[in-house]
1. Please give every one of the lysines within straight-line cross-link reach of Lys44, meaning a C-alpha to C-alpha distance under 17 Å, and leave out same-chain neighbours fewer than 8 residues apart.
2. Could you look at the chain and say what percent of its accessible area is carbon and sulfur, using a 1.4 Å probe and all protein chains?
3. With an 8 Å cut-off on Cα pairs and a minimum separation of 6 or more residues, tell me the relative contact order of segment 74-123 in percent.
4. So with the 1.4 Å probe, I'd like the accessible area per residue for the chain, rounded to whole Å².
5. Could you list which residues have their amide H under 5 Å from that of His3, counting only those 5 or more apart in sequence or on another chain, with H placed in the peptide plane?
6. Keeping every protein chain in place, order Asp91, Asp106 by accessible area at 1.4 Å, biggest value first, i.e. largest first.
7. Restricting to Cα pairs below 8 Å that are 6+ residues apart, what does the relative contact order work out to for segment 1-71? Please round to a whole percent.
8. Output wanted: per-residue J couplings in Hz (rounded whole) for segment 70-83, from phi through Karplus 6.51 cos²θ - 1.76 cosθ + 1.60, θ = phi - 60°, x for Gly and Pro.
Amino acid sequence: QVHLVESGGGLVQPGGSLRLSCAASGRSIESVNAMVWYRQAPGKEREMVARITSDDSTYYADSVKGRFTISRDSAKKDTVYLQMDSLKPEDKAGYYCNAGWYTGRDYYPRSNWGQGTQVTVSS
């Protein structure tokens, strides 16, 4: 099974930036072709915010488009980042990464969930 470790969250003022990291490992890493970032705020459903596939194609939720950037480490292909700029109070949430298979239409998780990393945006 693929194991994931997220890091990089914290407290930031509105308009600030954070970079989250997700390191994947495990014997099944070759069975995935996509890594995604989700977030979940208290009382809300989990939301996919960004996805990157093995060909470096990306997807962003409308709520973060133009502000967040997902990328893959050029040296460590099993590490992805989420650069978050122009943060808003509504971006406050627990952020979780996941690895899985993207068919071109649907995404199927193939990893367990990491512990997540908390992002708080407040003045």
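The values are calculated or read from the model by the stated rules, or taken from the named source; none is laboratory data. Just so you know, these numbers come straight off a predicted model, no measurement behind them. Calculation scope for accessible area: heavy atoms of the full protein, side chains included, ligands and nucleic acids excluded. Shrake-Rupley method; radii C 1.70, N 1.55, O 1.52, S 1.80 Å.
1. Those lysines meeting the cut-off are Lys88, Lys92.
2. 46 percent
3. After rounding, I find 39 percent.
4. Roughly 53 Å² per residue, with all protein chains present.
5. For His3, whose amide H was placed from the backbone, the distant partners under 5 Å are Ser25, Gly26.
6. Largest accessible area first, the list is Asp106, Asp91.
7. Relative contact order for segment 1-71 comes out at 21 percent.
8. 9, 8, 10, 5, 5, 9, 10, 5, 8, 10, 10, 10, 10, 7
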